[in-house]
Amino acid sequence: MSAETLIAPAAGPEPAPTPDPPVSSLALRAQVLSGVMWKIVSQAFRQGSRLIVALILARLLTPEQFGVSAEVLVVSSLVIVFADLAFGAALIQRKEISELDKSTAFWACTLFGVFFTALGFVCAGPLADFYNEPQVEPLFRVMSFIFLTTSLSTVQESLLNRELSFKVLETRMMIATVGGAAVGITSAALGGGSWAIILQALSLSIFSTLLLWTMSPWRPRFQFSFASLKSMAGFSTYIFGHRLLYYLHRNSDNLLIGRFVGAASLGAYAIAYNVILVPFSRIAAPIQDVVFPAFSRIQNDKERIGEGWIRITRMVAAVTVPSLVGLAIVAGDFVNLVLGSKWHEATTVIQVLAWVGILQSLQSLNTGILEALGHARAIFRWTVVFFVAHLTAFVVGLHWGIVGVAVGYSISTTLIEPSYLLLTSRAVGMSPWRFLEAVAGVFEASAGMGLVVLGAHYGLVQADVPGPLRLLACVLIGAVVFAALAAWRQPEILEEVKDLRARRKGRSDLAPASLPVPAEA
C-alpha cells in the first residue's frame, strides 16, 4: 500500500481505476434526454414551489425581516463553493476513478464541512457587527450547519451525476423542497420572523442529504490517500477558485446594499433578484448538470459538443428571452398584484435586471462545456476579470441606491459576457457568429412581441382595465404573438419541440439526435 494512504481499506486490495462502461449512441441519447426532462420537471416544480413560498412569506414577513434573512442567506450560496472544494466536479470529469478516489474525496469534503461549520460559529458575531444587526448572529450560527449537512452528500451526488442518474437526484430534490417549504411557512405562521427563511433553507439541506443516503448505494470506505487527493487537485483547484469568485460576485451586491443602504432596501433588491435571476438561472443552469457529464464522455469530439451547445441554448433562449421582456413591461402590475404595494421599490430593479437575466441565461452552458473539455484554468482566469468588473459596477452604482446597483450590474454584464462567448466558441472550434445567428430569431420574435405587449398594456391602462385582467391579457397576448413570430423567425424551435415529442414517444428515427453522442463502436 502507498505510504500516502493513511487509512487502509476494510478488506481486500484496492481495485484499479476503471473507466465508465461502454454505452451505445442510443443508450447515451436516451440517458441525456431523460436527464434533461427530469431537470426541466424538477426545476419547474422547485421554482414554482419556491415562488409560491416566497409570495406567502412576503405576506407573512416584513421587508425588514426579509432583509435580515437575506444578510444571513449569503452562507447558503457559499456552501456551493466550500462543500466539496470542487472535488465532485473532478470525479465527474475524469475518465477513470477508483474507490480510493471516491473515499478520499468524501473524507476531505466531510472534514472541510466540519471546519466551515465551526468557522461559521466564530464569524457570526463579527458579521452581525458588520451589518449592525444583532439578530444576524444567532441566525448565522444555525445556518452554518448547512456546510456539514451538504458535505455529507457531495460525493454521492457527484457519482449519480457521473452515471446520469438524474431521476434519483431530481426526485430527491423535489421531496426535500416540499419539506423545506412546509418548515418555512409553518415557522412564519407561528411568528418566527426571519427564522422562517433560515429554517426553510437548512431543513431542505437536511432532507436532501438524508434522502440521498437512502437512494444511493455507494458508501465510503475508511481509506484516504494524499496521492489521490493531489491527482484531483489540478482540476479542482481552478474550479474552486472560479466558484469562490463567482460566489463573491453573486453576494457582493447584497453585502454592500445591506451595509450601506439598509435592510429594507436589501429586502426589495433581494426579492427583485429572486423574481428575475433566480428562477431563470435555475431553470437554464441545471441543464449544465446534464451536459457536463454527458459532454465529458465525448470530450474529444468538439464538433458535436458545439452543435449541442447551440441547440440547447436556443431552446433556453426561447423561454427566457420573451418571458423576461414581457415581465419588464408589466413589472408594475406584477409587483402590485403578486407581491403587494409594500414592495413597490422593487419595480424598477426588476425591469433593469431583466436584461441581466437574458444575457446570463444564454451563457449558462458555457462553464459546463469548458469543464468537460478540461479548460479549468481558462475558466478561472476569465472569472477573475468577471469579478473585478462586476464589483466595480456595484461600488459605483451604490451611490444611487439599489437602482444604481442594478443599472451598474446591467452595464457590466453587457460588457463582460461577450468575452465568455468568445472563449467558449474558441474552445469548441466554432465561430461566435454562428452562435449569435442561432439565437437571432428568438431576439427578433421577442422584440416584436415586446412592442405589441407594450402597446396593448398602454391601451389597457388608458381604458382603465383592472390590474388583474390587464396582467392576464398581456401574458396571453405576449404568448400568442411570440409563438407566431418565433415560428416565422426561428422555425428551428418548432422542429426541436417536434423532435423531443417524437423521442418521448420512442420514435427516435423520425428526427436527428437532439444532443451530440459518440458513435457506436
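Scoring Val465 on the criteria (1) out of contact with any Asp or Glu (no Cβ under 7 Å at 6 or more places or on another chain); (2) assigned to a helix (DSSP H, G or I) leaves a single failure, condition (2). Output the number of residues of the range 408-444 satisfying the condition of being without any contact (Cβ under 8 Å) to a residue 40 or more places away in the chain, charged (D, E, K, R) and surrounded by 14 or more Cβ atoms within 10 Å (Cβ to Cβ). Qualifying residue count, the range 408-444: 0. For beta carbons closer than 6 Å, sequence separation of 6+ or different chains, a first residue in the range 464-492 that is crowded, with 17+ Cβ neighbours inside 10 Å and a second that is not in a helix (DSSP H, G or I), the qualifying pairs are Leu471/Val330; Cys474/Val330. Being of a type in the set (Ser, Thr, Tyr) and either assigned to a helix (DSSP H, G or I) or under 26 Å from Leu229 (Cβ atoms) (or both), is that true of even one residue in the range 188-197? Looking for residues that are of a type in the set (Ser, Thr, Tyr) and either assigned to a helix (DSSP H, G or I) or under 26 Å from Leu229 (Cβ atoms) (or both), one finds none in the range 188-197, hence no.
Pairing each residue of the range 146-162 that is under 14 Å from Ala105 (Cβ atoms) with any residue that is modelled with pLDDT of 90 or more and of a type in the set (D, E, K, R), provided the two are 6+ apart or on different chains, yields C-beta distances under 8 Å for Val155/Lys102; Leu159/Lys102.
Residues of the range 320-343 that are open to solvent by 30 Å² or more (accessible area, probe 1.4 Å) and under 16 Å from Ala54 (Cα atoms): Phe334, Asn336, Leu337, Val338, Ser341, Lys342. In the range 289-319, of all residues being open to solvent by 40 Å² or more (accessible area, probe 1.4 Å) and under 20 Å from Gly357 (Cβ atoms), the one that is nearest to the chain's Cα centre (by Cα) corresponds to Asp289. When the helices (runs of 4 or more DSSP H) confined to the range 241-344 are screened for residues that are without any contact (Cβ under 8 Å) to a residue 60 or more places away in the chain, those reaching at least 3 such residues are found at 302-329. When Ser364 is evaluated against the numbered criteria (1) within 20 Å of the chain's Cα centre (by Cα); (2) buried (at least 23 other Cβ atoms within 10 Å of the Cβ), which criterion, by number, is the only one it fails? Going through the list (1) within 20 Å of the chain's Cα centre (by Cα); (2) buried (at least 23 other Cβ atoms within 10 Å of the Cβ), Ser364 breaks only (2). Does Val405 satisfy being crowded, with 19+ Cβ neighbours inside 10 Å, in contact (Cβ under 8 Å) with a residue 12 or more places away in the chain and touching a helix residue (DSSP H, G or I) at 6+ places or on another chain (Cβ under 6 Å)? Yes; evaluated as a whole, the condition is true for this residue. Of the residues making up the range 383-402, those that are within 30 Å of Ser296 (Cβ to Cβ) and either open to solvent by less than 30 Å² (accessible area, probe 1.4 Å) or outside any helix (DSSP H, G or I) (or both) are Thr383, Phe386, His390. Considering the range 345-361, the residues that are out of contact with any Ser or Thr (no Cβ under 9 Å at 6 or more places or on another chain) and either open to solvent by 30 Å² or more (accessible area, probe 1.4 Å) or not in a helix (DSSP H, G or I) (or both) include one that is farthest from Phe292 (Cα to Cα), namely Thr348. Condition (residue is part of a helix (DSSP H, G or I), closer than 18 Å to Gly192 by Cβ and at pLDDT below 80) applied to the range 28-49: is it met by at least one residue? No, the range 28-49 has no match at all.
The values are calculated or read from the model by the stated rules, or taken from the named source; none is laboratory data. What you are looking at is a predicted structure, and each value in this text was computed from that prediction instead of being measured. No Cβ is skipped: glycine too gets one built from the backbone with ideal geometry, and neighbour counts run over all protein chains shown. Please note that ligands, DNA and RNA were not included when accessible areas were found on the heavy atoms of the full protein model with its side chains. Shrake-Rupley method; radii C 1.70, N 1.55, O 1.52, S 1.80 Å.
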